[in-house]
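Note sheet for the following structure.
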Amino acid sequence: MRGPSGQVAAARSAGWRISLLSVLLAILLDGAFGVVPAQPVIDQFVAGANATTVGNCSLLRVNFHVRVRYTGHFPLDQGSQLSVSLQLVDRDAIMARRVVRREGVRVDNAQGSGIQDVYLTLDQNRGPILVVQFAGEFTYQIVQSGSFEQVAIVIARKGPVSACKVKALVPSVAAPDAPKPAAVPGAAASVRNDNRTMQQPSAADIRFAEASMDEARASIKKGNFNAAIDLLRKVLKLPENGSSAEAQELLGVARQKAGQTAAAQAEYEDYLRRYPSGEGAERVRQRLAALLTATSSAPARPRDMPSATPDGGDMGAGMPATAAGPNGDTRWSMSGSLSTTFITNDTTSAVKDRAIAPNPNADPDAHRVHQNTLLTNFDYLGTADNDRIRTKFRLAFTHERQFDTGNDKYGVSTAQVDYTLKEADVTLRVGRQSRNTGGVIGRFDGAVLSWQKSPGLRLNVLAGSPNWSRFDAPFKDGKTLYGASIDFGKILGGLETTVYLITQYDRNIIDRQAIGAEFRYFDANKSLLGLIDYDTHFRALNAAVFSGTYTFEDKSVVNASFDYRRVPFLSTWNALQGQPFLTLYDMMKFNTAGEIRQLAIDRTPTFQSAMVSYSRPLNETWQVAADATVTNLTGTLPSGGVDGTPASGLEYYLSAQLTGNGIIKPGDLFMGALRYASLADSKFYVLDLATRYPITPDLAISPRLRAGYRSGTRTDLKEYTILPSLLVSYLWSKEISLETEIGYRFVDSTLANVKTTTKDLFATVTLRRDFNADGVTKCNASIVSCAWARPAALQGGQGVGSGDMPLQSRASIMPSYMLETGVRYWFSSGQNRYRYFADQAATLQVSRLAYGGMTGHSGEMFFRVDALDGPFTNMFLKGYVGAGKISSGTLVDEDFAPFVNPSSKTVSNVGGRLQYANLDVGFNLLETDRFRLGAFVGYQYWTETVDARGCTQVGGNPVICSPALGAGVKVVTEQDRWHSGRAGVSLDTRLSDRLNWQVEAAYVWTSQNAIDTHYFTFGRDPASGQGTGFQAETVLNYQLTDNFRIGIGGRWWHLSTNAVDSFNQVLRYTTERYGVFVQGSYQFSRGR
């Protein structure tokens, strides 16, 4: 019988074929259209978005986990809603990542930008559509971002967008009309010429400016200030461009470091005249204030200026203690979203065979609910940035509750920490992350280390484990990968290239080994992408991809792509498809390495496609678009006892679409489309009509009607489909949005004289809440605030606040580490439920055991050490060890027919013991005087042993425990051990001088070893398996003295595991323990 791993592999193989053969077919009728402000943030396609606002202008940048290419936008340059058409570079991402049909996009720093909402629809016929809603009628422009994983949009809230003068992604906007102060005779003057700002830069000017800026940054870092000054002067003599603002700021820095303080002052002052607001203006004001302070206090000794450069580099160290400069300032921000979506789908189906007499007893409408799900998503982004380092933390967590089966699934799609040393230009990214370059195929768990050796050369190395699903535990199936790549900067204008090598293992077996190259080209009106991936282990081409976009002067856009790839990519793991083996090691017991390699090739078809599309705005109101696609999926050979699959042959897809906006009132949108598909076995015709109509600025309705006809080419199939739907969205406030959609799908088909009628009623309701905060905090020694490093005597109770002591005095008494240790009593309740199945197919349930109400009493010791100075600054180590007894509980043991007939249900009393230990290491990502956020990874050991005594039959079986066994008779012993890895976040908040609240949450992946002993039946039955879960803990502490505090809190552990026992049966466990605790702790600290 086929094992579960083989079934999963076979299912994945079928999934790949279905996705590539029918994804274009499915979206003919399953497209979505309309506003969805409340769509859940599930971190699937979209990685994040941020806005930079200066004055009247904003720059919106939307980042993706997958590679996309821009194919057009509508309306042309003005409106209250913008739709940006995209296409996926990697088509397999459609099925690999598609969870819901739309994704909400949270925009960081959206305040003042006029952006009301951003979302992505995933089931449009021509690919994903990025929709941006504005708070009014704005002008905008799509600009080249220089990446296939980003879309950039310039927005002007008043007047033409051309006034923003943004030709590239820049953090600030020129203000050429600002008044210029009169020149002081004999004073230094800026090198800039105002007449040049009125001219438009050419493409050559922009390329020259970008290259010169790279060289200037490198010169400053090497201390060659005169060379940097010459380069920056040349940039500033060009017409106003995307590099002008940064060039003037860097020119001031370079002149100051060269001792030219008067010239530096002139550049800073001229910068503030031209760019009076924005992040750059604040930096320059601080530089100028520090410069004036330094020159007035010590005129004979110019001082270096500390601060981050506009690109994040560190331009020096040390500033006057009296100056209010940026030294020690850490700019921090946090933002996120919490959304919950209820999805339901009811189906009725009636089948009638016209060749037989009707059955009067048949159900005329066979009804079933095949989707009844609550999807909850949490998305969080935290950043901290100072002179030396930049830190970013990202978490995206999903909980899926399936009401029809009672199953709960917990998943993490992103959990990563980025740490950048600015002086060294070194970045380390650790955790669950997505990467679409360097040979990595999507998401993986691991680390990437990158070094920008020079402006034109970047070196990358990575290690980790591929991740198929966000619900999978890290390093599932024992797979690992290692790789290295080199990124070459812009050459021959806008051409960028990458070469890489990558190796993937299943334990010690080579799973994938490839070399490859990528190229990317961008300029003002075109973009190109190419990829070659060759597997050296299988000696076969994995992929050859080319994609290009060209935008004409009339804003029409033409796209073309050619795609040749293996689906999925060649790997030894593919050989498991259809085989009765759990792992490749099991398979190697019966097959040689060469046979397995050939089976992997046999199971991996090749997908080929070519596509061309064209969109053109007819006027400010209407736009037309059309596309054509041809695909071919090769067949697979029969081998190893697995049947082959036939080739699809050439299949064709055509579509034409007309879109209009502002037809009845500003903000409305109308769309009509015709689609046609010619497949191997049928032909499809679809009419799609949709609209969005804003009733108020915050309330909109989006009705839609889709009608389709399908006819068989090899059979007499006739199928008619009609699908009306209505979507209503309401923007409750800037942070809260609500959306609901209801639809009805009617399908009537006839095949071989059998008539089938299917009716689907589907609905979704989504509520989303966004949050954000930011600020600046000070610290003389670390990335984060010194507030948490001060002794308790300075934190409260003695009249000394964070602002009562000068920074230098505080730094002199700041300890190098802080230790807290204490004891805790935990009162808890636990349950351990698991089901036995007859075999690994897990289709026939044998028995079910439910240990519940297991009251626990345990004591534990805990500690936490925070490094506040030295090489481990901001790191922490924490843990606990505990043990106790399980005083009471019950066991309900059920056995089912036909294995036990009649079925049996017995009840016993249980008692036992538990032990556990935990150790975590973490890093404080950001901190203010009253707030501290950290991320950690760790290990936990947890074991419980319970004895069930007595046995009473409460079911219908006349033999088992009939008559009942006495309360002193031991009938069952259950012993479980879990070895778990943890990754999570911790949050400390100081509510007052003496009151502190702590909370932490962790994602858990675990390995379980269980022994179930039934003394009166089969005896000892060991089992082992893996699973995932979560752990959460919170505590409220009160500071009784400067060093001693007490607290009360709660804790919840939850694990779900699948195991296989000695009888080759599958066991599915759900284990929980939760309760409240009280604690007391003492704090120690040690100075430098």
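A short reminder: the numbers here are calculations on the coordinates, not readings from a lab. Computed from a prediction, not measured in an experiment: that's the story for all the values here. Cβ coordinates were reconstructed from backbone atoms using ideal geometry, including for glycine residues, and neighbour counts include every protein chain displayed.
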*Could you name the lysines whose alpha carbon sits less than 30 Å from that of Lys683, not counting residues in the same chain fewer than 8 places away?*
Lys352, Lys718, Lys755, Lys759
*Near Lys885, which lysines are there with a Cα under 23 Å away, not counting those fewer than 8 places off in the same chain?*
Lys970
*Give the span of the range 631-757's Cα atoms along each principal axis, as three whole-Å numbers ordered largest to smallest.*
60, 36, 27
*Label point distance in nm, Tyr1015-Thr713, each placed 7 Å from Cα along Cα→Cβ*: 7.1 nm
*Just rank Val253, Val89, fewest to most, by other beta-carbon atoms within 10 angstrom.*
Val89, Val253
*Express in nm, to one decimal, how much length is gained between Thr621 and Ala289 on full extension, taking 0.36 nm for each residue of separation and deducting their alpha carbon distance.*
114.4 nm
*Of the chymotrypsin sites (Phe, Trp or Tyr not before Pro) in the range 954-1048, those whose Cβ has at most 15 other Cβ within 10 Å and which sit in DSSP loop*: Tyr1015, Phe1016, Phe1018
*Gain in length, Asp1042 to Ile695, computed as 0.36 nm per residue apart minus the alpha-carbon separation, to one decimal in nm?*
119.0 nm
*Roughly how many nanometres apart are two label points built 7 Å out from the Cα toward the Cβ at Tyr939 and Asp993?*
4.4 nm
*Please work out the ratio of the alpha-carbon Rg of the range 818-1087 to 2.2 N^0.38 Å and round it to two decimals.*
1.19
*In the range 878-913, which chymotrypsin sites (Phe, Trp or Tyr not before Pro) fall in coil by DSSP and have 14 or fewer other Cβ atoms within 10 Å?*
Phe899
*For Asp681, Asp108, what ranking results if the residue with the fewest other Cβ atoms within 10 Å of its Cβ goes first?*
Asp681, Asp108
*Counting DSSP beta bridges in the range 818-1087, what percent are antiparallel, to the nearest 5?*
100 percent
*asked:* Using a 10 Å cut-off around each Cβ, can you sort His73, His399 from fewest to most neighbouring Cβ atoms?
replied: His399, His73
*Give me the number: length gained by fully extending Arg913 to Phe1084, i.e. 0.36 nm times residue separation minus the C-alpha to C-alpha distance, one decimal in nm.*
58.2 nm
*So, with +1 on the Cβ of K and R and -1 on the Cβ of D and E, and no other charges, what is the size of the charge dipole of the range 419-462 about its Cα centre, to the nearest 20 debye?*
120 debye
*Under 28 Å Cα to Cα from Lys257, which lysines show up? Leave out anything in the same chain fewer than 8 places away.*
Lys180, Lys221, Lys222, Lys234, Lys237, Lys422, Lys453, Lys778
*Taking a ≥ b ≥ c as the square roots of the eigenvalues of the Cα gyration tensor of the range 552-647, is the shape rounded (a/c under 1.5), prolate (a/b larger than b/c) or oblate?*
prolate
